[in-house]
1. Kindly state, to the nearest 0.05, the FRET efficiency for residue 145 paired with residue 11, given R0 = 51 Å and r defined as their beta-carbon distance.
2. HN-Hα J couplings of the range 175-191 from phi, Karplus 6.51/-1.76/1.60, θ = phi - 60°, integer Hz, Gly and Pro as x?
3. HN-Hα J couplings of the range 22-37 from phi, Karplus 6.51/-1.76/1.60, θ = phi - 60°, integer Hz, Gly and Pro as x?
4. Which of 262, 127, 150 moves most in a GNM of the chain, Cα contacts under 10 Å?
5. Hey, can you grab everything whose amide H is under 5 Å from the amide H of residue 104? Only 5+ residues off in sequence or another chain; H modelled, so Pro and N-termini drop out.
6. Separation between the residue 52 and residue 197 pseudo-spin-labels, each 7 Å from Cα along Cα→Cβ, expressed in nm?
7. In straight Cα distance, which lysines are under 25 Å from residue 226, not counting same-chain residues fewer than 8 positions off?
8. Kindly write out, for the range 304-309 in residue order, the coupling ³J(HN,Hα) from the Karplus curve 6.51 cos²θ - 1.76 cosθ + 1.60 (θ = phi - 60°), rounded to whole Hz, with x marking Gly and Pro.
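Only the coordinates and a few stated rules stand behind these numbers; no lab work does. Just so we're clear, the structure is a prediction, and the values are computed from it rather than from any experiment. When we count neighbours, we look across all protein chains shown, and the Cβ atoms used for this are built from the backbone with ideal geometry, even at glycine.
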Amino acid sequence: MATFSNKFISTGARTFLPFQQVDEADFWNASTGVSFKWYRGMENGKAILIAQNGDKTFPATKVITPIKTSIPTIEAEKDVASITNAVQPVFIYDMAPGYVTNDIIRVYSSTNQRTIMGIDFAVTMNGPGTQATTVCTLPNEPSELGGGEGKSVRIPYGSPFYPAYRNIADMIAVGQTLKVFTTVPHGYAAGGRVTFQVDRAFGMYQVNELTGTITDANPDSTAPAKNSISFIVDIDATAFSAFEWPISQTLTYTYPTVAPEGTDIAYALKNNESIYASAYSDRSFIGLQLEAGVSAPVGVAGNEIWWSASANFSHDEIEPVDV
């Protein structure tokens, strides 16, 4: 049997620990003294909570779930009571949907906000836990009607292959360059080449089918950089039309996207960037999803979490389950 161990400082958000194989795992919160014990074969989301006094219980909510990101899983949909018509739409729920900040959700079946249906948005949770606000900002209010309700679903993890196609939230000319904002963290690197697909309905049609090199993958100094939703590309957009979001609920169009095309080798070498930084790579993994909260393995922001995991190598991998 092989055993692995390490520690991390909690950010207060749901955490993934990738393992090629795991049969049992222990998690100890050094800040609170609470620990959790998980065994392969336990019911989805279950783990044993061990209090400081040694009492053992099963938490009522999900705490630890085995996952396999290469197998798509669909969570149960949530009813959205109302959607604000704002440059940063807010999805309001009657009951907390269980999302956490930096989760990615997809909204559909909206009565009055059809122009944002089917797009993935990274969100910030507030109000308390019943309001999901998009991290990105649109150039204008996305609906001519405003309000409305709908449904949403959390996307547990993104495409297993990076860099990925991304939907565009906004674009603005900055000097003789173009600053692009995506609806979810893009995962691109400086030196990467990208091509744009932009319908006339979104205003800046001049950028359609143009290809440029990313000169800054995190111009807003987002921390951590992997959460960046903006980048700069070397396309002179000074004479382009302004990017805008169509407000008509009946107009037919295709959502604007940006597609990775590889690495600009000359740029990478000149600027001391890795020529492999934007190469396609398989980001899928097998592992455990740990929930955050006072009564969960990840605890709250700032907690020190120690863990150990063991595998007996008698089988190939953990069995994935829907999260």
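1. Working: r = 38 Å, r/R0 = 0.74.
Between residue 145 and residue 11 the formula returns 0.85.
2. x, 9, 10, 10, 9, 10, 10, 9, 7, 9, x, 7, x, 7, 10, 4, x
3. 8, 10, 7, 8, 10, 10, 10, 8, 5, 7, 10, x, 7, 9, 9, 10
4. 127
5. Excluding prolines and chain starts, which carry no amide H, the hits are 155.
6. Result: 5.6 nm between the two label points.
7. 7, 68, 179, 270
8. These are the phi-based 3J(HN,Hα) values: 9, 10, 9, 9, 9, 9 Hz.
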